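In what follows, a structure is listed as structure tokens, so that the remarks can point back to it.
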Amino acid sequence: MHDAEDEFQHHHGHSHGHGHDHDHAHDDGHDHAHAHAHDHDLHHDHDHGHTRGAHEARASGANGDVVVIRPATGISGDMLLAGFARMAGFDAPELAAFIDGLGLPIPPGSVDLVQRLVGDVAGWYCRVRLPDEHAHRTLADVLGIIETSAMTDGAKRLAAATFTLLAEAEGRVHLKPPATVTFHEVGALDSILDICVVAALHDFVAPAAVVCGPLPLCDGTVRCAHGLVPAPAPAVLELLEGVSVRGLESTGETVTPTGIALLKAMGATFGRWPAMTVSNRALVYGTKVFPNCPNGVVFVRGPLSRQAR
């Protein structure tokens, strides 16, 4: 939130004791206790509701399934990762194998798809562990990593479009050409993981459309290396044009640059639930838990009803 170096360093650089310290910068006046007393990971590697094989899931998407996203308290890259993993029907071992096959500079075992309880309600959550490295990458460097990966052409296009949107937004915020934006290594690895894996999962599911509810926004502040900035963070604000939003009775960051950039790059529309038949569903949590709010993001997948086509 911040220049691209800040976005990828500082919005990812706050350690919250969850193993994945990105996409959830805290506002200054709100400590956002993470409900540790009742946010327990449920260490289940078996699948809950995994009713179709991966190849069937891919074919179904190609035949016109839609993915619907209803963000109760916001959206971030890791929430999209968990949600699309579940829309693909993946459990933890299947997701790990899928990521390992993408040819990205991500250490094996970096992502664990688990269930956790928030307010005694189970939802899916991506626990991510990445090494603390110190280097810098430009947009061209990141695009080179994407191009030389083992991702499909469709996934590469979506990942490249997302990173380009982020670089352009950060460039406008700080009056820099996108090509001069520098990504800090820690953030870049984090963002490479989120953006590339979500792009690959989106291409695997192959939805005919992605329909997202209005994005929740609230007042407050976001802390970065330059100090405090108002929420929504400047890069998010740059990417909100044309997006339906609503207010949330809380404070701080609800939508991250990675989350909004992915939604825009995949061509998501923002509106009401479509008429459809639900064939897969998931409640997904992020790292941040908002007190006194309905937490999480609902993902559903299925074909449109005949009258909606």
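The values are calculated or read from the model by the stated rules, or taken from the named source; none is laboratory data. Predicted model, so just to flag it, every value in this text is computed and none were measured. Positions of Cβ are backbone-derived with ideal geometry, glycine not excepted, and every protein chain shown enters the neighbour counts. These accessible areas exclude ligands, DNA and RNA; they are computed on the full protein's heavy atoms, side chains included. Shrake-Rupley method; radii C 1.70, N 1.55, O 1.52, S 1.80 Å.
Taking amide hydrogens as placed 1.01 Å from N in the peptide plane, the amide H of Thr182 sits under 5 Å from those of Ala4, Glu5, each at least 5 positions away in sequence or on another chain. The fraction of accessible area contributed by carbon and sulfur in the range 90-198 is 58 percent, rounded to a whole number (1.4 Å probe; ligands and nucleic acids excluded). Each residue of the range 158-169 is assigned a 3J(HN,Hα), and the resulting list reads 5, 5, 5, 5, 5, 4, 5, 4, 5, 5, 5, 5 Hz, derived from the Karplus form 6.51 cos²θ - 1.76 cosθ + 1.60 (θ = phi - 60°), x at Gly and Pro. When only alpha carbons are used to place a centre, the range 242-309 and the range 82-98 end up 18 Å from one another. Working from label points 7 Å from Cα in the Cα-to-Cβ sense, the Arg157 to Arg172 distance is 2.3 nm. Obtain the nm distance between the two label points defined at His134 and Glu241 by a simple spin-label model: each point lies 7 Å from its Cα along the Cα-to-C-beta direction. About 3.8 nm, to one decimal. The overall shape of the range 171-273, judged from the alpha-carbon gyration tensor, is oblate: a/c is not under 1.5, and a/b is no greater than b/c.
Taking the highest mean first, how do the peptides 106-113, 229-236 order by number of other beta carbon atoms within 10 angstrom per residue?
Packing proxy ranking, top to bottom: 229-236, 106-113.
Here the dipole of the range 57-131 is about 140 debye; that uses its Cα centre as origin and unit charges on the Cβ of Lys and Arg (positive) and Asp and Glu (negative). If R0 is 30 Å, the Cβ-Cβ spacing of Ala208 and Asp100 corresponds to a FRET efficiency of close to 0.60.
If you roll a 1.4 Å probe over the heavy atoms of the protein chains, what accessible area per residue do you get for the range 200-309, in Å²?
41
Residues whose amide H falls under 5 Å from that of Cys224, counting only those 5 or more places apart or on a different chain, are Val229, with hydrogens built in the peptide plane.
About the centre of its Cα atoms, the range 122-177 shows a dipole size close to 160 debye [charges on the beta carbon of Lys, Arg (+1) and Asp, Glu (-1) only; nearest 20 debye]. Can you bin the range 151-220 into rounded, prolate or oblate? Criterion: square roots of the alpha carbon gyration tensor eigenvalues sorted a ≥ b ≥ c, rounded for a/c under 1.5, prolate for a/b above b/c, oblate for the rest. Oblate, since a/c reaches 1.5 and b/c is not below a/b.
Considering only Cα atoms, the convex hull volume of the range 233-302 works out to 119 Å³ per residue.
Relative to its Kirkwood radius, the Cα radius of gyration of the range 57-133 gives an Rg/Rh of 0.99. Can you give me the distance in nm between label points at Trp273 and Gln307, each placed 7 Å from the Cα along the Cα-to-Cβ direction? Between Trp273 and Gln307, the label points sit 1.5 nm apart.
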